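Peer 1: Questions regarding the structure given below will be posed in turn.
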Amino acid sequence: MFVAVDDTDSMKGNCTTFLATEIIREFPDLDLIGNPRLVRLNPATPWKTRGNGALVLRFGRGSGPKRFIGVIGGRDIYCYDSCTSFEPDPEEMRRRIIPHIEAHNEEDSDPGLLISRVKPSQSFYWRGVRTIMDRGEVDAEISRIGGLTYTIRKGRGLVGCTCGMAWRPRDSTFELLSYRPESRWGTERVYVPETIMEVEHGYPSTFNSWEDRTGKVAMVPSTPCPVMYGLRGDSEEDLIEASKIIRTEPLDRWVVFLTNQGTDDHIIHNPKVLIPNQSYILTGTVSSRTRHIEGGHVFFDLDTRFGTVTCAAYEPSKEFRFMVDWLSPGDVIEVVGELRDEPRTLNLEKVHVISTARELRKVSNPICPICSRTMKSTGSGKKFKCKKCKTKSYSPVMEDVRRQVVPGWYEPPTAARRHLSKPLKRMGLVQPVEFVNGRSL
């Protein structure tokens, strides 16, 4: 039996993943089939909270080997990759889950609960992770699969429930989420940053936990939510082992989730049209110098088959903006990012420099081929002339400028990346040039 919940948190607090751990704790009489799933949906959704993630669990009777995936309430949590034909009673499950949703939702959230023996069509996942959907688009599908629901307020969370439950992974990662005791919620988190750096360097399968360029932790939230940290990676076993190294305040619980984070599933390839609040990969030629506005934001224009698209690197992307600053008209690049509605910009998540334009600078006025003296200019934009020999030239002596950027992929620092954005580490790539304080290293 599949269970999905969404839209219980807000910018003020709470966390839908914590609610998932409460649901797991509610059913010690049932087995978890597979890891609980944290499914991120369209990051460009205007009314999202923090990460726009739905939670999906499957309960039943496990068969075959079981895997250790967490600890909740002092109880070891296991999941099974196979199950029998037994299905729990959905009405009974709803009755037991509702009190947890009522206890763990914010006033400005729109919680939804979906329980079903059958998954929605996979198309709902791809629509949910790439487009904007409303409640009316999922009601018919919920009815088709015989889903049992519960909502609070507008119940917009049913959209996320349907799309999250529809996920059939093509690519996936894991996240070990640890949680604080309720008495510590909203207080300053206590941890040893150096132990997180040790994990990042010692376990190559992990990603987005530490930023070497600035020596900062990227996996510990700053919001008043229950989460202590979220350690991400490609290996469930590595995450569990690595978590033993991380030194923090006492934890209340932890669980390993299967996720679509770091997959680029939200990126639309080869679009027919560009629609705001969706994310794309586009190829084009840089057609302007960069422009800076107050706040440290940087913009440039890119000529594409859809016309000119203004690309933006905002202040939180830090030294990534320096790379953008070194782009020049004529550079051929691919850009990955969200098309914003107002202002109409493509907010950059990654840049692939395919080729760089040749840049030249003037070394001197031309040399007379007869007397070898330097010619004099006859005026701005006009020819050069040797007063002695009367020879003429229209071209000064030029030399190539060494470009600060070279072909390759570039990405923002860890803390500025979106949950869904695939890091270069997962692509098997290394950024060819690092930019620190506007200088290339």
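Peer 1: Being touching a Lys or Arg at 6+ places or on another chain (Cβ under 9 Å) and without any contact (Cβ under 8 Å) to a residue 40 or more places away in the chain is the requirement here; does Pro250 meet it?
Peer 2: For Pro250, the condition - touching a Lys or Arg at 6+ places or on another chain (Cβ under 9 Å) and without any contact (Cβ under 8 Å) to a residue 40 or more places away in the chain - is not met.
Peer 1: Turning to a different aspect of this structure: When residues of region 223-241 are filtered for being among the polar types (S, T, N, Q) and within 20 Å of Ser421 (Cα to Cα), how many remain?
Peer 2: Residues meeting the conditions: 1.
Peer 1: Within region 349-371, does at least one residue satisfy the condition of being closer than 30 Å to Gly233 by Cβ and in contact with a His (Cβ under 9 Å, 6 or more places away or on another chain)?
Peer 2: No, region 349-371 contains no residue that is closer than 30 Å to Gly233 by Cβ and in contact with a His (Cβ under 9 Å, 6 or more places away or on another chain).
Peer 1: Follow-up question, since we're still on this one. Being more than 17 Å from Thr45 (Cα to Cα) and either in a strand (DSSP E or B) or among the small types (Gly, Ala, Ser) (or both) is the filter here, so list the residues in region 337-362 that pass it.
Peer 2: Residues of region 337-362 that are more than 17 Å from Thr45 (Cα to Cα), as a first pass: 350-362.
Lys350, Val351, His352, Val353, Ile354, Ser355, Ala357, Leu360, Arg361, Lys362 - these are the residues of region 337-362 that are more than 17 Å from Thr45 (Cα to Cα) and either in a strand (DSSP E or B) or among the small types (Gly, Ala, Ser) (or both).
Peer 1: Need the failing condition index for Val353 against (1) under 16 Å from Arg417 (Cα atoms); (2) surrounded by 15 or more Cβ atoms within 10 Å (Cβ to Cβ), just the number.
Peer 2: Tallying (1) under 16 Å from Arg417 (Cα atoms); (2) surrounded by 15 or more Cβ atoms within 10 Å (Cβ to Cβ), Val353 fails exactly one: (1).
Peer 1: Go through region 264-278 and give me each residue that's touching a helix residue (DSSP H, G or I) at 6+ places or on another chain (Cβ under 7 Å) and under 13 Å from Asn347 (Cα atoms).
Peer 2: Gln278
Peer 1: Identify, please: which residue in region 382-434 is of a type in the set (Phe, Trp, Tyr) and under 18 Å from Phe320 (Cβ atoms) and is, among those, surrounded by the most Cβ atoms within 10 Å (Cβ to Cβ)?
Peer 2: Only one residue tops the list, namely Tyr410.
Peer 1: Given Leu114, Leu177, which one is at pLDDT 95 or above and in contact with a Cys (Cβ under 6 Å, 6 or more places away or on another chain)?
Peer 2: Every option except Leu114 fails the conditions.
Peer 1: Let me ask another. Conditions: (1) buried (at least 18 other Cβ atoms within 10 Å of the Cβ); (2) small (Gly, Ala, Ser); (3) touching a helix residue (DSSP H, G or I) at 6+ places or on another chain (Cβ under 9 Å). Gly296 meets all but one. Number of the miss?
Peer 2: Result: Gly296 passes all but (1).
Peer 1: Tell me whether region 41-52 contains one or more residues that are closer than 30 Å to Asp341 by Cα and either without any contact (Cβ under 8 Å) to a residue 40 or more places away in the chain or in the same structural domain as Asp252 (by TED's automatic domain parsing) (or both).
Peer 2: Within region 41-52, one or more residues are closer than 30 Å to Asp341 by Cα and either without any contact (Cβ under 8 Å) to a residue 40 or more places away in the chain or in the same structural domain as Asp252 (by TED's automatic domain parsing) (or both).
Peer 1: I would also like to ask the following. Tally up the residues in region 311-331 that are under 30 Å from Leu360 (Cβ atoms) and surrounded by fewer than 16 Cβ atoms within 10 Å (Cβ to Cβ), please.
Peer 2: Residues in region 311-331 being under 30 Å from Leu360 (Cβ atoms) and surrounded by fewer than 16 Cβ atoms within 10 Å (Cβ to Cβ): 2 in total.
Peer 1: Taking helices (runs of 4 or more DSSP H) that do not extend beyond region 109-196, which have at least 1 residues that are touching a residue at least 40 places away in the same chain (Cβ under 8 Å)?
Peer 2: Correct list: 123-130, 157-165.
Peer 1: Still on this structure: Tally the residues that are within 30 Å of Met323 (Cα to Cα) and either basic (Lys, Arg) or touching a Leu at 6+ places or on another chain (Cβ under 9 Å) (or both), restricting the search to region 359-381.
Peer 2: 2
Peer 1: Checking Arg439 against (1) surrounded by 13 or more Cβ atoms within 10 Å (Cβ to Cβ); (2) at pLDDT below 95, only one condition comes out false. Which one?
Peer 2: (1)
Peer 1: Looking at region 364-381 only, could you name the residues that are surrounded by 10 or more Cβ atoms within 10 Å (Cβ to Cβ) and under 30 Å from Gly330 (Cβ atoms)?
Peer 2: Ser364, Asn365, Pro366, Ile367, Thr374, Met375, Ser377, Thr378
Peer 1: Tally the residues that are assigned to a strand (DSSP E or B) and surrounded by 22 or more Cβ atoms within 10 Å (Cβ to Cβ), restricting the search to region 32-57.
Peer 2: 10
The values are calculated or read from the model by the stated rules, or taken from the named source; none is laboratory data. As the structure is a computational prediction, the values presented were derived from the model and not from experiment. No Cβ is skipped: glycine too gets one built from the backbone with ideal geometry, and neighbour counts run over all protein chains shown.
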